[in-house]
Amino acid sequence: MRIFDPHIHMTSRTTDDYAAMYAAGVRALVEPSFWLGQPRTAPETFYDYFDGLLGWEPFRAAQHGIAHHCTLALNPKEANDPRCLPVLDELPRYLVKDSVVAVGEIGYDSMTPAEDAALAVQLQLAADHGLPALVHTPHRDKAAGLARTVDVVRESVLDPALVLLDHLNETTVDAAADSGCWLGFSIYPDTKMDEHRMVRILRSHGGCLDRILVNSAADWGNSDPLKTRAVGDAMLAAGFTDDEVDQVLWRNPVAFYGLSGRLDLDVVRPEPTHEGNSLLRGGE
């Protein structure tokens, strides 16, 4: 089983996670920029973070045989902090980087006017740079958040076929499917979706099978970077074919992020160090 995790925050994970993911079949991933758990206090902290997603994390991933790409954006939660808004002006110099395959995560957290504005600006940036967009639907009041998200997408110049609506569940999947966007589902141990609920959605929405992406969204919280594999195993146990599993776990994320024209799934053996640092922490 080959797996492409289209949304995972490896900055928050250890090298053991990379090794376990490779053993489970993960050969590629996309790491979206996101909120780090506490407020950033200056735009410059974003730029150091973005540089890490462009340098150190691809190095770590390649050490374990995994192709790493990223998406960059001002995330919805921090779009409400005026101190962070200058990031929007700096994003264009990052969005031209080869390993940036989308603008994201953008979207909604609390559905404020500031989030409206940041979403609209970043959908325009995606269009300007010929990139797709990864959109975070809110964790609270999901149906209203999804409706508002779809309205803003339709008002933008970005084709819905270039938009991935993520963190969907049973309450939002129908409206998302009708929007013409791609459909993303995050599989968690305790919250969001689990693998068995995901299988039920795949059964009931088989006509969208070529637009559905499944991710672990693993981060610093209670999450599991092997949940993509759990979905594949649950699909097989439920009677889905190997080809259908490959469609959801590999070909769909390749197709979506391939819209950027930048996806490169070849893993080149990296240099022993990145800017003088290795993974060995004291060894050579």
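Each reported figure results from applying straightforward, stated rules to the coordinates on display, with no laboratory input. None of these values were measured; they are calculated from a predicted model. Note that we place each Cβ from the backbone using ideal geometry, even for glycine, and neighbour counts take in every protein chain shown.
Please list the non-local residues whose amide H lies under 5 Å from the amide H of Ala133, H modeled 1.01 Å from N, same-chain partners needing a gap of 5 or more.
Excluding prolines and chain starts, which carry no amide H, the hits are Val103, Val163, Leu164.
Hey, what did the chain get for relative contact order, percent, Cα under 8 Å, at least 6 apart? Walk me through the numbers on the way to the answer.
On the way: 533 pairs, mean separation 58.0, N = 284.
So the answer I get is 20 percent.
Which one, Ala230, Phe256, Ala176, is farthest towards the positive end of the dipole of the chain when Lys and Arg carry +1 and Asp and Glu -1 on their Cβ?
Of the options given, the answer is Ala230.
If you take every DSSP beta bridge fully contained in the chain, what fraction is antiparallel? Give it as a percent rounded to 5.
Details: 2 of 27 bridges.
Antiparallel bridges make up about 5 percent of those DSSP assigns within the chain.
Can you compute 3J(HN,Hα) from phi for each residue in the stretch 146-157, using the Karplus curve 6.51 cos²θ - 1.76 cosθ + 1.60 with θ = phi - 60°, rounded to whole Hz and x for Gly and Pro?
5, 4, 5, 4, 4, 4, 5, 4, 5, 7, 8, 8
Using the alpha carbons of the chain, what is the convex hull volume per residue in cubic angstrom, as a whole number? Show your work: numbers first, answer last.
Details: hull volume 34.4 nm³, N = 284.
Taking the convex hull of the Cα positions in the chain, it is 121 Å³ per residue.
Which Cα, out of Gly239, Gln124, His64, lies furthest along the positive dipole direction of the chain (beta carbon charges, K/R +1, D/E -1)?
So the residue we want is Gly239.
When a/c reaches 1.5 or more, the comparison of a/b and b/c decides; with that in mind, is the stretch 62-190 rounded, prolate or oblate per its Cα gyration tensor?
Numbers: a/c = 1.43, a/b = 1.15, b/c = 1.24.
The shape class here is rounded.
So for each of 46-54, 179-187 I average, over its residues, the number of other beta carbons within 10 Å; can you give me the resulting order with the highest mean first? Walk me through the numbers before you get to the answer.
On the way: 46-54: 17.1, 179-187: 23.6.
Output ranking for 46-54, 179-187: 179-187, 46-54.
Stretch Ala143-Val96 to full length: gain in nm at 0.36 nm per residue minus the Cα-Cα span? Don't jump to the answer; show the numbers that get you there.
On the way: separation 47, 0.36 × 47 = 16.92 nm, distance 3.36 nm.
Result: 13.6 nm gained on full extension.
With a 10 Å Cβ neighbour count serving as the proxy for reagent exposure, in which order, fewest first, do Leu213, Leu279 appear?
Values: Leu213 27, Leu279 14.
Least crowded to most crowded, the residues run Leu279, Leu213.
Could you give the distance between the Cα centres of the stretch 28-53 and the stretch 141-178, to the whole Å?
24 Å
Taking a temperature of 10 °C and a viscosity of 1.306 mPa s, what whole-number D in µm²/s does Stokes-Einstein yield for the stretch 167-284 with Rh from Kirkwood over alpha carbon pairs?
Details: Rh = 16.1 Å.
Rounded, D is 99 µm²/s.
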